[in-house]
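**Student:** Below you'll find the structure I mean.
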Amino acid sequence: MIKLAIFDMDGVLTETSHYHYLAWKALADDLGIVIDEAFNEELKGVSRKESLIRILEHGNQLNKCSEDEIGRLMTQKNDHYRQLIEAVTPNDLFEGVIEIFQLLKKNNIRIAVGSASRNAPFLIERLGIKSYIDYVVDPSQVRGKPEPDIFLDAAAFFNLSSEDCIGIEDAKAGVEAINSAGMLSIGIGDAEVLKDADYAYNSTKDSYSYFETLTLVR
Ligand code: B16
Ligand code: MG
């Protein structure tokens with residue numbers, strides 16, 4: 001029986017993944033590196049540092065970048081991203097999120113956020129969903145997606161085993177992380193990108209039907 005639902009943030013609860021893309025695109029432009037939305041698909045769910053490394057590799061610039069320069073570029077991207085998300089309000093929450101949270105609460109299923117983003121606590125505040133969230137994984141303490149650690153950390157916090165948990169993700173790296181944690185994976189977004197997910201839905205709102213079936217069997 002499912003006792004814990006672990007939600008990714010960017011691309012599952014709100015559309016901040018587009019803001020990540022805009023901030024990376026501006027940085028890449030500055031560096032003379034061309035990236036597009038297709039390339040960005042490979043950055044979704046991936047940590048800030050690993051994303052930057054992939055962009056620099058893509059532009060053949062990784063070997064000319066010192067650790068200091070990498071740190072400076074990460075700060076530049078994050079400062080821009082923080083400006084973009086400053087104006088986020090509860091209206092930016094994806095449709096269906098509150099209804100899913102309410103359904104889970106009613107059925108005593110815990111809710112965790114398992115985001116790779118160090119900005120997740122800020123966004124949880126801005127989106128006004130703090131009262132629903134039982135636990136937020138600190139991504140600075142564990143290995144990033146596609147490693148399973150973010151999801152395993154949430155399960156461990158509640159002393160649960162993987163078969164008691166589900167993970168909800170919009171990114172290829174995220175679905176891989178859930179699957180290697182041995183949990184049931186729910187993909188949100190492009191079915192082709194999320195082909196390894198146990199269940200896939202076009203949008204968070206569409207996944208409500210899955211959460212209903214989960215609570216019916218209780
Ligand atoms: P930050 P998620 C991920 O969040 C994003 O998908 C990814 O694009 C970003 O690089 C990563 O967080 C780190 O974010 O720079 O804010 O720490 O999708 O796992 O919620
Ligand atoms: Mg995501």
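Coordinate-derived values only; no laboratory data. Since the model is a prediction, treat every value here as computed from it, not as a measurement. Cβ coordinates were reconstructed from backbone atoms using ideal geometry, including for glycine residues, and neighbour counts include every protein chain displayed.
**Student:** Determine the distance separating the Cα centre of segment 166-193 from the Cα centre of segment 70-91; give it in Å without decimals.
**Tutor:** One Cα centre to the other: 25 Å.
**Student:** What is the spin-label model distance, in nm, from residue 108 to residue 36 if the labels are put 7 Å beyond Cα along the C-beta direction?
**Tutor:** 5.2 nm
**Student:** Given +1 on the Cβ of Lys and Arg, -1 on the Cβ of Asp and Glu, and no further charges, what dipole in debye does the chain carry about its Cα centre, rounded to the nearest 20? Numbers along the way, then the final one.
**Tutor:** Working: 22 positive and 36 negative charges, 118 e Å.
With only Lys, Arg, Asp and Glu charged at Cβ, the dipole is about 560 debye.
**Student:** What translational diffusion coefficient, in µm²/s and rounded to a whole number, does the Stokes-Einstein relation yield for segment 68-142 at 37 °C and a viscosity of 0.692 mPa s, taking the hydrodynamic radius as the Kirkwood radius over Cα pairs? Present the calculation step by step, with values, prior to reporting the outcome.
**Tutor:** Values: Rh = 14.1 Å.
The Stokes-Einstein estimate is 233 µm²/s.
**Student:** Taking the beta-carbon count within 10 Å as an exposure proxy, list 20, 58 from fewest neighbours to most. Don't jump to the answer; show the numbers that get you there.
**Tutor:** Details: 20 23, 58 15.
Ranking 20, 58 by Cβ neighbours within 10 Å, fewest first, gives 58, 20.
**Student:** Here's another thing I want to ask about it. Compute the relative contact order of segment 17-85 as a whole-number percentage, counting only Cα pairs closer than 8 Å that sit 6 or more residues apart in sequence. Write out the running numbers ahead of the final one.
**Tutor:** Working: 38 pairs, mean separation 30.1, N = 69.
Once divided by the residue count of segment 17-85, the mean separation gives 44 percent.
**Student:** Quick one: angle between helix 97-106 and the longest Cα principal axis of the chain, in degrees between 0 and 90, rounded to 10, please.
**Tutor:** 40 degrees
**Student:** Going by average Cβ density within 10 Å per residue, which order do the peptides 119-129, 78-88 take, highest to lowest? Don't skip to the end; give the middle numbers.
**Tutor:** Details: 119-129: 18.2, 78-88: 14.2.
The peptides rank, most packed first, as 119-129, 78-88.
**Student:** Arrange the peptides 187-196, 47-56, 109-118 so that the one whose residues have, on average, the most other Cβ atoms within 10 Å appears first.
**Tutor:** 109-118, 47-56, 187-196
**Student:** What's the magnitude of the charge dipole for segment 17-85 around its Cα centre, counting Lys and Arg as +1 and Asp and Glu as -1 at the beta-carbon? Answer in Debye, nearest 20.
**Tutor:** Details: 9 positive and 12 negative charges, 40 e Å.
The calculated dipole for segment 17-85 is roughly 200 debye.
**Student:** Give, as ranges by residue number, the residues of segment 20-41 whose backbone N falls under 16 Å from the point 7 Å along Cα→Cβ of residue 64.
**Tutor:** Residues 28-34 qualify, since their backbone N sits under 16 Å from the label point.
**Student:** Still on this structure, I have one more. What fraction, in whole percent, of alpha-carbon pairs in the chain exceed 26 Å separation?
**Tutor:** In whole percent, the long-distance tail amounts to 33.
**Student:** Do the sum for the chain: with -39,500 (n - 2.57) for every DSSP H run of n ≥ 4, divided by all residues, what is the mean residue ellipticity at 222 nm, to the nearest 500 deg cm²/dmol? Walk me through the intermediate numbers first.
**Tutor:** Working: 9 runs with 96 residues, N = 218.
Dividing the helical sum by the residues of the chain leaves -13000 deg cm²/dmol.
**Student:** Averaged over every viewing direction, what's the projected area of the C-alpha convex hull for segment 17-85? Give it in nm², one decimal, please.
**Tutor:** Working: hull surface 16.3 nm².
Mean projected area for segment 17-85: 4.1 nm², to one decimal.
**Student:** Work out the FRET efficiency for residue 91 and residue 163 from their Cβ-Cβ distance, taking R0 = 35 Å, and round it to the nearest 0.05. Don't skip to the answer; put the middle values down first.
**Tutor:** Values: r = 36 Å, r/R0 = 1.04.
The value I calculate is 0.45.
**Student:** Which order results if 15, 176 are arranged by neighbouring Cβ count within 10 Å, fewest first? The partial results should precede the final answer.
**Tutor:** Values: 15 14, 176 19.
Final ranking by Cβ density, sparse to dense: 15, 176.
**Student:** Using the 10 angstrom Cβ neighbour count as an exposure proxy, how do 145, 205, 44, 64 rank, fewest first?
**Tutor:** Numbers: 145 29, 205 15, 44 23, 64 8.
Ordered by Cβ neighbours within 10 Å, fewest first: 64, 205, 44, 145.
**Student:** Turning to a different aspect of this structure: Between residue 199 and residue 84, what FRET efficiency follows from the Cβ-Cβ distance if R0 is 35 Å, with the result rounded to 0.05?
**Tutor:** Working: r = 31 Å, r/R0 = 0.88.
It comes out at approximately 0.70.
**Student:** For residue 118 and residue 213, what does the FRET efficiency come to when R0 = 30 Å and r is the distance between their Cβ atoms, rounded to the nearest 0.05?
**Tutor:** Numbers: r = 34 Å, r/R0 = 1.13.
Using R0 = 30 Å, I get an efficiency of 0.30.
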